[in-house]
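Q: First the structure, which I've put down as structure tokens, then a few questions once you've had a look.
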């Protein structure tokens with residue numbers, strides 16, 4: 001906050017402070033406050049609780065457990081930011097030249113990697129008959 005943007009690896013990685021009131025890439029940031037609160041606090045809390053209950057009920061292991069753990073950890077981190085600050089602090093973007101990602105944080109990376117691991121584990125989670 002208040003610090004100048006920083007650039008590393010010839011501009012490939014840039015650090016810059018941004019407050020995000022929406023979800024990933026600011027999706028939903030234009031929604032009314034009550035809708036954002038319902039969706040991004042209550043909805044996320046319920047989804048995270050459901051993820052934990054399902055993982056415990058079916059005793060996930062391997063990729064499924066790793067994916068659920070990363071998704072849960074990233075989700076809780078962003079949820080706590082939202083509850084305590086009213087927004088999520090994003091600070092990093094990656095790209096080459098004019099082609100850049102949106103600004104994100106480490107919790108977002110955990111959620112994306114966790115989701116990818118859960119997709120990879122679909123065969124373990126939902127075995128075919």
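The values are calculated or read from the model by the stated rules, or taken from the named source; none is laboratory data. Since we're looking at a predicted model, the values are computed, not measured. Reconstructed Cβ throughout: ideal geometry from the backbone, glycine too, with neighbour counts over all protein chains shown.
Q: Counting only residues that are loosely packed, with under 13 Cβ neighbours inside 10 Å and not in a loop (DSSP other than H, G, I, E, B), which one in segment 119-129 is modelled with the highest pLDDT?
A: Looking at residues that are loosely packed, with under 13 Cβ neighbours inside 10 Å and not in a loop (DSSP other than H, G, I, E, B), I get 119.
Q: May I ask you to verify whether residue 83 is part of a helix (DSSP H, G or I) and either over 13 Å from the mean Cα position of the chain (by Cα) or surrounded by 12 or more Cβ atoms within 10 Å (Cβ to Cβ) (or both)? Lay out the reasoning, then the answer.
A: Working: part of a helix (DSSP H, G or I): yes; either over 13 Å from the mean Cα position of the chain (by Cα) or surrounded by 12 or more Cβ atoms within 10 Å (Cβ to Cβ) (or both): yes.
Yes.
Q: Checking the structure you have, find out if any residue of segment 42-54 is within 12 Å of the chain's Cα centre (by Cα) and at pLDDT 95 or above.
A: Yes, segment 42-54 contains at least one residue that is within 12 Å of the chain's Cα centre (by Cα) and at pLDDT 95 or above.
Q: Next question. Taking the criterion of being more than 29 Å from residue 124 (Cα to Cα) and either part of a helix (DSSP H, G or I) or modelled with pLDDT of 95 or more (or both), would at least one residue in segment 67-80 satisfy it?
A: Yes, because at least one residue in segment 67-80 is more than 29 Å from residue 124 (Cα to Cα) and either part of a helix (DSSP H, G or I) or modelled with pLDDT of 95 or more (or both).
Q: Taking the condition of being without any contact (Cβ under 8 Å) to a residue 40 or more places away in the chain, in a helix (DSSP H, G or I) and either out of contact with any strand residue (DSSP E or B) (no Cβ under 9 Å at 6 or more places or on another chain) or on the phi > 0 side of the Ramachandran plot (or both), how many residues in segment 86-118 meet it?
A: 0
Q: Does residue 41 fit the bill of being loosely packed, with under 15 Cβ neighbours inside 10 Å, touching a residue at least 12 places away in the same chain (Cβ under 8 Å), in a helix (DSSP H, G or I) and in contact with a helix residue (DSSP H, G or I) (Cβ under 6 Å, 6 or more places away or on another chain)?
A: Yes: the conditions hold for residue 41.
Q: If you don't mind, another one. Could you list, in sequence order, the residues of segment 1-32 that are out of contact with any helix residue (DSSP H, G or I) (no Cβ under 8 Å at 6 or more places or on another chain), assigned to a strand (DSSP E or B) and in contact (Cβ under 8 Å) with a residue 60 or more places away in the chain?
A: Those that are out of contact with any helix residue (DSSP H, G or I) (no Cβ under 8 Å at 6 or more places or on another chain), assigned to a strand (DSSP E or B) and in contact (Cβ under 8 Å) with a residue 60 or more places away in the chain: 13, 14, 15, 16, 17, 18.
Q: Among residues belonging to segment 55-64 that are part of a helix (DSSP H, G or I) and surrounded by fewer than 17 Cβ atoms within 10 Å (Cβ to Cβ), point out the one that is farthest from the chain's Cα centre (by Cα).
A: Selected residue: 57.
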